Structures are given as structure tokens and as C-alpha cells.
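The values are calculated or read from the model by the stated rules, or taken from the named source; none is laboratory data. Given the structure is predicted, the values throughout are model-derived calculations rather than measurements. Neighbour counts are summed over all protein chains in view; Cβ atoms, including those assigned to glycine, are modelled from backbone coordinates with ideal geometry. These accessible areas exclude ligands, DNA and RNA; they are computed on the full protein's heavy atoms, side chains included. Shrake-Rupley method; radii C 1.70, N 1.55, O 1.52, S 1.80 Å.
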Amino acid sequence: MALDKIESRNTEACSTVVPKEIQSDHALIEATKNGDEAAFASIVGKYRGPLTNYLYRFLNDYEEAVDLTQETFVRVYFAIERYHTEYAFSTYIYRIATNLAISEIRKRKRRTILSLTGLFQTYSEDTTEFQPPDERSLPDQDLIEDERDRVIAKAIAALPTKYRVPIVLRDIEGKTYDEIAEILELGLGTTKSRISRARGLLKEKLKHYF
Amino acid sequence: MSYENKNKLAGETEILSSDEQNVSRLLSNLKRVDAPKDFDFHLKARIANASPADYQTVRLFPVLKYAFPLALFLLIGGAFILNSSFSGWNVPAVAELPNIPQQTVASDRDIEKPASFNDGTTAASPDEVFIADKRKPREF
């Protein structure tokens, strides 16, 4: 198996200067704390799309993704005074969204009365959980028509939560390993290991599309 | 945004197998969904209808987790110490003997004679009483 090395150039992340994006987020947060509603609206405008996409890919349910994205912003709004600028706002808001999504997954499990596939499987960390497919139509018809996207989404939804979260953050949202480790409050090695494991699990289901 | 560009922006050097690369590429090429157009409107309504108290939760559980066992420990320990302290005041250092009036050990001669022989004289020995009965005729 040939190993392809992906090289990338050094970016401004290596420098000690705070990125402009983070400066902008902190400035908006400070303005929100001072009662500037427009500043909060700017934050919402910046993160509503990425969060909706992230939660949709995580939950495979658009309506639920929108609902949890709104809930994320509500929580950010009411806890704005407790936010500290020691870490990036992006990490902060993604962590809130992730926790809400994980809670939703747990609620779904409790609602499951009987899992027929579970009767014939032995429980292990590698077992992919059974998720009923979301057969409802998506608002964007282009997405519906793309069969490959649907299969990929289904494969992602079948991943265990601990593998699903980091792989979505990495390969879909484009987060760095450090950012993912900070969002999930995991070590860097554990984060990389889980992402690698998630790719291994997805490889079996998606190899037809390679 | 292609997979290669994302990694460049991330500033990371990553060595992946071809299969891992393919999986990563498939995921990164998924079409992105966006929030609905009325998202901001519904969000404002949600914030307006929400109660700040529901979201400003003080984390009591970490405090209770330590406060309750500590309080229990102090309560039991304090009760034990107080009990030991107060019970020590009533117990003398040296046990005292009960105050029993002293009595001499009675000898055979000091046996108290019965009431029927109480004629003002000192009690006689059993032998003397027996002998006295024999010599003295009874009076009826």
C-alpha cells in the first residue's frame, strides 16, 4: 500500500500573533457583553452555516441540526458573561454544539425500545450502532438526488459517537487536530487514533466509491 | 474546497494511506448544507421566550460532592469528640469505694442473743444458755 505524503506549507498558525479571526471573534464577544445586539447577530451569521452543516452531518437529521444550532446560540447568548477569551470562540461554540448533539444521540438511544440487530451482535466498541435512516426529504433537492452523499451520510451516522465526532470535525469541517482535541477535551494522540479508526470503519462501507 | 486545500490551511503535515485519503476526500467533498433563511428570526424569538434562569445554572453538584461528606465527617467527628470530652468529667480519676459503714467481725461470744433472752444481761454463749436451762426450773 503506497503511502502518499501530504505536505503543506507553514501557516500563520505557527507564529505567536493572534489570528485576525480570533481577534474578530473576541471583539464581537466583548461588544455583545456590552449589549451590542448587532455584534451577536454577526456571530450568528458567521457560525450558523458551519454549525448547521456540522450537526447535520453528525445527526443525519436536518431539522434536528437546525434546532440544536439555535439551542447552541441561545446557550452562548445567556452564558456570554462566563465566556473567557483564553481559548478560541470557535472551540467554545463547537464544544457546546457537540455536547448538545451527543445528548441528542443518547436521547435517541433511550427511545429505542428494541434493537433487532443488537440481538444478533455481541457488544463491542467496534460495533456500529443501528440508526434508522432519515427518509424525510431535505430542503435542498440537489442533496437528495446525490446518492453517493446519502450513502456516505448513512455510513457516518452508523459510526459510534466517539469516532463520528472527530471524523466529522476533521474531514468535513476541516478542523486541525489541536482544535479537535480542544473541542473534545481529549489528548492529541487519542484524537488522531479515533480519526484513524473512524476512517478504517468508513473504508469498508465506502470502498465502492474509491 | 478540496481536500488538499483544507489541509494546507490547517498547516498540518499528514501521512495517510491511499484508502484513508480516499475516505477523507469523500467526506470533504460532501455538499454543505446551510441554515434556513428564517434562522435568525426563529433564534430571536427563541431567545426572547427563553428564561435566563434556565441557562444560568450554578454548578452545585461539584460543591455538594465535597460539602456533604465533609459535613457528615465533621458532624460525626464532632459528636465523638464531644461525647468523649463530656463523659470524661463524670468519671473520677480513681474509682472510689462505696461508703459502707464499718462493722466488726462478730465472734462467737458477740452473737446477738434473741429477744426472748433479753433480760438486760449480756448475751450468753450457747453453752451457758443450755446449762442455764438445765439448772433453773421453769416457771409457769
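Out of the residues in the stretch A:37-60 meeting the condition of being polar (S, T, N, Q) and surrounded by fewer than 24 Cβ atoms within 10 Å (Cβ to Cβ), tell me which one is farthest from the chain's Cα centre (by Cα). If we take residues in the stretch A:37-60 being polar (S, T, N, Q) and surrounded by fewer than 24 Cβ atoms within 10 Å (Cβ to Cβ), then A:Ser42 is farthest from the chain's Cα centre (by Cα). Candidates in the stretch A:166-197 are the residues that are more than 16 Å from B:Ser24 (Cβ to Cβ) and touching a residue at least 40 places away in the same chain (Cβ under 8 Å); of these, the one that is most open to solvent (accessible area, probe 1.4 Å) is A:Glu185. Candidates A:Leu206, A:Leu159: the one that is out of contact with any Phe, Trp or Tyr (no Cβ under 7 Å at 6 or more places or on another chain), of a type in the set (A, V, I, L, M) and under 23 Å from A:Glu104 (Cβ atoms) is A:Leu159.
Among the residues of the stretch B:16-52 satisfying the criterion of being more than 7 Å from every other protein chain (Cβ to nearest Cβ) and more than 56 Å from the chain's Cα centre (by Cα), which is farthest from A:Glu147 (Cα to Cα)?
Here is the first cut: in the stretch B:16-52, the residues more than 7 Å from every other protein chain (Cβ to nearest Cβ) are B:25, B:29, B:37-38, B:41, B:44-45, B:48-49, B:51.
So of that shortlist, the ones also more than 56 Å from the chain's Cα centre (by Cα) come out as B:25, B:29, B:37-38, B:41.
Details: B:Arg25: 16, B:Asn29: 13, B:Lys37: 25, B:Asp38: 28, B:Phe41: 33 Å.
Top of the filtered list is B:Phe41.
Residues of the stretch A:55-72 that are more than 10 Å from chain B (Cβ to nearest Cβ) and touching a residue at least 40 places away in the same chain (Cβ under 8 Å): A:Phe58, A:Leu59, A:Asn60, A:Asp61, A:Glu64. Taking the stretch A:162-210 as the range and being over 13 Å from A:Phe58 (Cβ atoms), part of a helix (DSSP H, G or I) and hydroxyl-bearing (Ser, Thr, Tyr) as the test, the residues that pass are A:Tyr177, A:Thr190, A:Thr191, A:Ser193, A:Ser196, A:Tyr209.
Taken as a whole, the condition of being under 15 Å from the mean Cα position of the chain (by Cα), facing another protein chain (nearest Cβ under 8 Å), assigned to a helix (DSSP H, G or I) and not hydroxyl-bearing (Ser, Thr, Tyr) does not apply to A:Asp149. What tally of residues in the stretch A:78-112 results from selecting those that are open to solvent by less than 60 Å² (accessible area, probe 1.4 Å) and touching a residue at least 24 places away in the same chain (Cβ under 8 Å)? Adding up the residues that qualify gives 18. Every listed requirement among (1) in contact (Cβ under 8 Å) with a residue 12 or more places away in the chain; (2) away from chain B (no Cβ under 12 Å) is met by A:Asp36 save one, (1). Mind checking whether some residue in the stretch A:118-138 is at pLDDT below 95, in a helix (DSSP H, G or I) and surrounded by fewer than 18 Cβ atoms within 10 Å (Cβ to Cβ)? Yes: one or more hits.
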